[in-house]
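Below: one structure, written as structure tokens.
The values are calculated or read from the model by the stated rules, or taken from the named source; none is laboratory data. Here the structure is a predicted model, which means the values were calculated and not measured. Cβ placement follows ideal geometry from the backbone for every residue including glycine, while neighbour counts extend to all protein chains displayed. SASA here: full protein model, heavy atoms, side chains in, ligands and nucleic acids out. Shrake-Rupley method; radii C 1.70, N 1.55, O 1.52, S 1.80 Å.
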Amino acid sequence: MNIDELIGALEGPVLVIGASGFIGANLLRRCLAVRTDVVGTTFSGDAWRLEGVPAANQAYLNLNDPQSVSALLARVAPRTVFDCSSFGAYSFEDDQQRIHATNYLSFIALLEMLQGTDIAAYVHAGSSSEYGLNAAGPTEDAPLLPNSHYAVSKAAASQAIAYYGKVRQFPVVNLRLYSVYGPYEDSSRLIPVLCEKAMHGSLPLLARADVSRDFVHVDDVVAAFVMAAARISPEIAGESFNIGSGTSTRLDALAALAIDTFGLDAEPQFSASVGRAWDVADWYAAPGKAHRLLGWQASVPLAEGLRRTRDWWAAQLGRADFAGLTKKTAGPSERTSVSAVIACYKDAQAIPIMHQRLTAVFQRLGLDYEIIFVNDCSPDDSAEVIRAISAGDPRVIGITHSRNFGSQAAFRSGMEYASKEACVLLDGDLQDPPELIEQFVREWQAGAEVVYGRRVKRDMPVLVEACYRAFYRVFAAMSEVPVPKDAGDFSLLDRSVVYWMLQCKERDAFLRGLRAFVGFKQVGVDYVRPDRMFGTSTNNWIKNIGWAKKGIFSFSRMPLHLLTAFGGIACALTVLLALITLAIRAFHPELAPRGVTFMSLLIMFFGSTTIFGIGLLGEYIGKIFEETKARPAFIRRNLIVQGRLRPLLPKEER
């Protein structure tokens, strides 16, 4: 079987972790050329390598966030996993804690989450850096002598793979990759720089002439991943494989090959340096094990690979919009993708219109987007409406709750599944106009991290609107964090804001208060809130009072402070009144209050005040009681993806 046939035979769905990276992007694109049930993950937002890849085949993943990982696994339910994630391979990626957290700790957490699931193959991108000082043609059983934090983390991961594969019988293997080159490689690396210089008839300054490397084309590496997944078995589970050409190419030989291949009239120049701090002089593979057990060997000669790479870079660099996009940096990325999260309850008629208007807005803005409808156990046919829409639009995802948990829980449920760089929260009744998202996005792309809708007018009776306005002002005055007035849940939240809001673990959440609590740069956009397009509002005076209590008791201790102050003042006044009464009885007995009326009024006043104070304390104690029970804020019953209902297992809800 050729590689395309092997890809087609893989058990799916297929998940490519780290698809915005060099190897992950090539792997994702090659798989998508054969099948559609492939999803690639991104994290930094710097996803230029995924240009043209459908949004339905991309998903956000933060490996260091368990909620993000569990949400993705529940959404994709992969059977084959290609893990190309890593951090620390570049000289500026020097955060030691993040290197170990990404390359080892989060990897272990991910494997633990996958225990007991129906995984058929897990292929992990290791590194030849694991050999460290022992890098000159080692076999896989040679000692690992890592010489950097990156190498240590990768070596630790390979040992964990041996444990999970041999002891826990998990179908995982490790590929120790050598000097991979080809399309979509970072433009600061050796081969892309060489190709760019060659297009101008010159050569770059190279490291020491006798430094040797094992150059392997990315097409061969993609083939290694696919063959490892297709041929995994209990016998090879837990094994590591060297993925290199097996040829040691000195840099002076590379320069000579480039001169011959590209017809250059240039004299190579070499420095006295080996390269990066952790580089060694001789670094090449012994790939015999991969050939014996996987049937793999490199097939692209270096000269042919250089020609392919040069031609690819020549085509890309001719594009005006491509310049500057290909060099990996630690700077901020563009903001080009948005997840819409819609809380739905009795909104079956509005959902199709919401979908049409959202789609029109996102397409007009040219954004990568997804639409997540959260059906909070609506008694109408909302679930069927969402299923029908998702069958025709792969960007639509549905979440159905096991019962009605409220809009705050619905928003939180959708935020956990959102995979883009920002979330927009909307009510499903169309009172939050989707067209306002255009202004939200402009403010976000200008640097704001929270953009909220500010209701300057509501289509409702004057008295009701006045009560709403009064609440927001009372809430803002009493809150211990600055809360914008007249701002509901309708807002755009940057991914960093979503992350920190999800770290707030309170069950009885008040999201607009949490949004203010986490901070970041916040901007308001004014709008007129229309009346419901269909049906009647599910809110009433009792529910609105409950909302007011939730907001105040979640974000303010002012009622307790006022109660304390009132108690102190009342105590002082009582003592003063007693002294005045004694003085009157001593000097003017005829003026002293007579009968029980005065005493009854005092008793009734302080009695009712006491009951009120106990009630206030009870509200706070009730919130403590609710939190200490630690019940889940919501329970998802199933997902709706591409028109199919998929029940969620308890493990996927973690």
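Does R35 count as surrounded by fewer than 20 Cβ atoms within 10 Å (Cβ to Cβ) and of a type in the set (K, R)? Let's see the steps before the verdict.
Details: surrounded by fewer than 20 Cβ atoms within 10 Å (Cβ to Cβ): yes; of a type in the set (K, R): yes.
Spelling it out, R35 is indeed surrounded by fewer than 20 Cβ atoms within 10 Å (Cβ to Cβ) and of a type in the set (K, R).
Being at pLDDT 90 or above, of a type outside the set (G, A, S) and under 18 Å from K154 (Cβ atoms) holds for only one residue in F215, F241, F170, and it is F241. Residues in the stretch 182-205 that are open to solvent by less than 10 Å² (accessible area, probe 1.4 Å) and touching a Pro at 6+ places or on another chain (Cβ under 8 Å): 2 in all.
Looking at L264, L254, just one residue is surrounded by 15 or more Cβ atoms within 10 Å (Cβ to Cβ) and part of a loop (DSSP other than H, G, I, E, B), and that residue is L264. When the strands (runs of 3 or more DSSP E) confined to the stretch 10-114 are screened for residues that are touching a residue at least 60 places away in the same chain (Cβ under 8 Å) and over 14 Å from the mean Cα position of the chain (by Cα), those reaching at least 3 such residues are found at 14-17, 80-83.
One residue is enough: does the stretch 337-344 have a residue meeting the conditions in a strand (DSSP E or B), modelled with pLDDT under 85 and in contact with a Lys or Arg (Cβ under 8 Å, 6 or more places away or on another chain)?
yes
Among the criteria (1) of a type outside the set (A, V, I, L, M); (2) closer than 18 Å to S339 by Cα; (3) in contact with a strand residue (DSSP E or B) (Cβ under 6 Å, 6 or more places away or on another chain), the one G366 does not fulfil is (3). Hey, does the stretch 104-120 have a residue that's touching a strand residue (DSSP E or B) at 6+ places or on another chain (Cβ under 7 Å) and open to solvent by 10 Å² or more (accessible area, probe 1.4 Å)? Checked against the condition, which is being touching a strand residue (DSSP E or B) at 6+ places or on another chain (Cβ under 7 Å) and open to solvent by 10 Å² or more (accessible area, probe 1.4 Å), the stretch 104-120 yields at least one hit.
Pairs linking a residue in the stretch 502-531 that is in contact (Cβ under 8 Å) with a residue 40 or more places away in the chain to a residue that is in a strand (DSSP E or B) and of a type in the set (G, A, S), with Cβ atoms under 6 Å and 6 or more positions apart or on different chains, are V525/G453; Y527/G453.
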